[in-house]
Amino acid sequence: MKTTEIARLIKKRQEEERTIVGKIGANIKLKRKGKKRTLNHLSELSGVSISYLSKIENNLLKPNLDYLSNVLEDLEINEEFLAQSTIMNEWYLMTIKDFLNIRSYETELKTFVSERNDFQSNLIEFCMMVKENKLSNIPKLVKLLLQNINVMHTAEMHIFMLALCQYYIKTENHFSAGEILKQFNNEFEDASLLKLWYLELRHELALYQSSFTYYNNAVSELLKNYFLFNLEDKIKELKARSTAALAYFLEPDNFKDYLDDEEMYKSYRLSHVYFKRYENFESLEKKNDLAQLLIDELNGREDLVLKRWSKVEYREDPFELALKEYFKYKYDQNNANLFLQETLFAGTGSIQHHYVSLFVSERLMENYSSEHKYKQCYLVSERMRNLNESRRIYLKF
């Protein structure tokens, strides 16, 4: 099923959820209105405040069944239903913590999945398969979950959408991931694990667009939530990844206060190359790094690049990893043009990254122009226009 159709089904279900069908609190509210009971009536019946009941109805509090027994009896709601919903929420919380590597519940979750055969167990299995990169059977499981979308409550919908977005990112389809993620409407509570998951995915997509301001906001908000949950390892990882990304988001002058940091200095050197400050780069010390490799290639020192490209360090950044693949095609397989063409016109992959697409398209345009292949130049320009439009629609929201 196409992502657009999946997004349509999700949006339809979200609209239905807003009519208060399918939540614990919403079921109380629905029954109360159906029986024409007021909150004041239920408050007198249960001995709890109207404010407490209102928060339960709006899913801001988990109901205490001991306090609400008279209410449930009056509204003819089965306590077993509410208890089961609460239990499932605990399983979903374990699933989210496991997915985000906050705490491992792998054994418990696998046991749960093996003992049940319903859409809730399918949803948890879906999350586990995405986390473990067992992606071949995911489309079949997504189709099965979509058949049950009308019985999912809000938390289940959110988990499904976030795991689906993660699946698209892992299969290098960031535009599809963005199409799903943009269905959210700032509906997470502050300091919630679902919001943390959402912010991690938003950061992944922000890496692929062109605006430093947008990317910096995504990093700042995610970092703030990492501090709230005291996730030290994730803080270190985010700082390392964002430092690598600064090489193409910021011009060299923006690094002058951070050059004592080794990783920041690597990005500073690369920034000279990405922003074509070649003369200034020549004044820097020579190093056996990616920046020097790119400069040597630009200056036609093919023998040096051939010897060193596989020994240079490439950080875990989409652009640097794409450059590594480029050098591999060029110097191991002697076919740089094949890499450039296949990358540019691929439906998914690193080409969805703004700065990868700039690098690839510039190289292709140089090659085609030198060979007077102007039709191919036009096709490259059209492809870039389409990519930029897709990034505008799916990667910034």
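Where a number appears in this text, it was derived from the coordinates with a stated rule and is not lab data. In this text, all values refer to a predicted model and were calculated from it rather than measured experimentally. Please note: Cβ atoms are built from the backbone with ideal geometry, for glycine as well, and neighbour counts cover all protein chains shown.
Figures for the structure shown
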quantity	calculated
Whole-Å distance, taken between Cα centres, linking region 327-379 and region 139-168	36 Å
Among the listed pairs 97/234; 170/195; 234/287; 307/328, those beyond 22 Å (Cα-Cα)	234/287
Total charge dipole magnitude, the chain, about the Cα centre, Cβ charges on Lys, Arg, Asp, Glu only, Debye to nearest 20	1100 debye
From phi via Karplus (6.51, -1.76, 1.60), per-residue ³J(HN,Hα) for region 279-284 in Hz, x at Gly/Pro	5, 5, 5, 4, 7, 7
Highest-fluctuation residue, 101, 40, 89 considered, GNM on the chain with Cα pairs under 10 Å	40
Set of aspartates and glutamates near residue 276 by C-alpha distance (under 16 Å), chain-local residues within fewer than 8 positions excluded	251, 253, 296, 297, 362, 366
Rel. contact order, % - alpha carbon contacts under 8 angstrom, at least six apart, region 335-397	30 percent
Highest average packing first - 325-338, 356-369, Cβ atoms within 10 Å	356-369, 325-338
Read-out volume of the Cα convex hull per residue in Å³, derived from the coordinates shown; its label in (i) 188; (ii) 128; (iii) 168	(iii)
The chain - mean residue ellipticity at 222 nm from DSSP helices (-39,500 (n - 2.57) per run, n ≥ 4, rounded to 500)	-21000 deg cm²/dmol
